[in-house]
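Only one structure is covered here, and it is reproduced in the block below.
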Amino acid sequence: MKLGINGLGRIGKLSLWHHISRKYFSEIVVNLGREVGTGLKDIACAIEKDSSYGRLSSFLHGCKACNVIENLNEAEGTMTVDGLPIRILRESRNPKDIKWKENNVRLVVDTTGVFNDPTADADSARGSIRGHMHAGAEKVLLSAPFKIKDKGLTMPEDAVTTVMGINGEDYSPSAHNLVSAASCTTTCLSFMIKPLLDNFGGDKFLSASMVTVHAATGSQQVLDRLPNAGATDLRKSRSILNNIILTTTGAARALPLVIPEMKNIGFIAESVRIPTTTGSLIVLVLNLQDDLENPIKRDTINSIFKEYARNNQYLVYSEEQNVSCDIIGMPSAAAIIEGSETHTRTASIRVNLGKLKADENSFIDVPVTQAVIYAWYDNELGSYTNMLGDRTVSIAEQMV
């Protein structure tokens, strides 16, 4: 079976690395939709070298590494990488025009970050994720959250959002053709929330908030520039090299698609971008209704994560006092709980019932535990791309 990858940005390139290493697919067809540099040799160079993770050859073979990219054929757009055939398409950017059918590609991973609306028509002039199916693909996996532009529309029945290890079973081969793997932040966050929800139940959750301290992304600027016409967030046009930049995250919107119980829990999500290339951190704050006589302690929370990590390959529990570089490339670790930094505080909160009912003016004391939990995630290769690769293979295995 062949795999199609649309785009060769950060996630596209590292997905290619993942599948070259894994060798589940017999061939990988990568669509760029444009010419790059002076030809195929420059594309091969871009595939081999990475500023965050080093060389592909070292990634594959360590100290025994040697040249792994061979047999470049400019006319055919082909090469072999570690023995695996790779074909590069450089003609069409609109998904409906990509030659998936001609190359016998049935499964496509779209990593462009552009075609995120599952309601857009396949023949849209500006392109659509459904265009891949018009071009011959049977299943399309999106490396980003779905974003429906028309707020009057709902999620199509053939589209689903899943995170491996959380709600992977929600994918139905007979019902779903479009699958979103959510985002790196939503993936990490779901592994912080799910174990606690399963243990305490949703009724204990009064509210939740999070901040992701996030590495830079390709959408940010190297140096200051003028904002685009109509731009409302001026900070996105500022240099990421030497600034801490406040921005937004869609994790609060995407999380209920993965964990439905979150629809009934008040949740706020914010993001801060920092000048690092990868390696990010979520700080999660929970307010839990509790019992003063037997309050939730940090050891209780840490023990929940420890037990969950024993039975789920994507969660890691650590007390090693990590810094961000320590978790870069950590394989398939959706979240690395920093157990040494878990904190709790239980207090009695006085609530005036008179504010709720006009005929009452009495108070009740509600015991509340506030918990602060930290989790690392490699937002590129280690966490997100490796899990995206697992999702890709799991879909392929169920295709007839």
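Just so it is clear, none of the values below were taken in a lab; they were calculated from the coordinates. Predicted model, so just to flag it, every value in this text is computed and none were measured. Using ideal geometry, Cβ is built from the backbone for each residue, glycine included, and neighbour counts are taken over all protein chains shown.
Laid out as a table, the results:
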| item | result |
| --- | --- |
| Answer label for log10 I(q)/I(0) by the Debye sum over Cα atoms at q = 0.06, 0.10, 0.11 Å⁻¹ (calculated), chosen among [x] -0.21, -0.60, -0.73; [y] -0.39, -0.82, -0.90; [z] -0.27, -0.72, -0.86 | [z] |
| Value at 222 nm in deg cm²/dmol, rounded to 500, when DSSP H runs of n ≥ 4 in the chain each add -39,500 (n - 2.57) | -6000 deg cm²/dmol |
| Dipole of the chain, positive direction: furthest Cα of 127, 276, 56, with charges on the beta-carbon | 127 |
| Length gained when the stretch residue 123-residue 150 is fully extended (0.36 nm per residue, less Cα-Cα span) | 8.0 nm |
| Residue-span extension gain [residue 285 to residue 362] - 0.36 nm each, minus C-alpha spacing | 24.8 nm |
| Between helix 184-200 and the chain: long-axis angle, C-alpha atoms, 0 to 90°, nearest 10 | 40 degrees |
| Antiparallel bridges, percent of DSSP beta bridges restricted to the chain (to nearest 5) | 55 percent |
| Under 17 Å from the Cα of residue 13 - aspartates and glutamates, other chains or at least 8 residues apart | 27, 35, 42, 48, 50, 82, 110, 378, 380, 390 |
| Stretchable slack from residue 242 to residue 71, in nm (0.36 nm times residue separation minus alpha-carbon distance) | 57.4 nm |
| Pairwise FRET efficiency - residue 45 versus residue 138, Cβ, R0 = 35 Å, nearest 0.05 | 0.60 |
| Protection-proxy order for peptides 334-346, 134-146, each taking the mean of Cβ atoms within 10 Å per residue, highest first | 134-146, 334-346 |
| Förster radius 60 Å - calculated FRET efficiency between residue 352 and residue 325, Cβ distance, rounded to 0.05 | 0.75 |
| Packing-based order for 367-379, 231-243, 313-325, using average beta carbon neighbours within 10 Å, highest first | 367-379, 313-325, 231-243 |
| Relative contact order of the chain, defined on C-alpha pairs under 8 angstrom at six or more residues apart (%) | 14 percent |
| Lysines with Cα under 23 Å of residue 263, excluding same-chain neighbours fewer than 8 positions away | 147, 149, 151, 194, 204 |
| Separation in nanometres of the label points that stand 7 Å from Cα toward Cβ, at residue 52 and residue 169 | 3.2 nm |
| Point-charge dipole on Cβ atoms (K/R +1, D/E -1) for segment 2-156, about Cα centre, debye to 20 | 380 debye |
| With Cα atoms, 0 to 90° folded angle of helix 298-311 axis to the chain main axis | 30 degrees |
| Listed peptides 247-254, 222-229 by packing density, highest first (mean Cβ within 10 Å) | 247-254, 222-229 |
| Lysines with Cα under 20 Å of residue 101, excluding same-chain neighbours fewer than 8 positions away | 2, 139 |
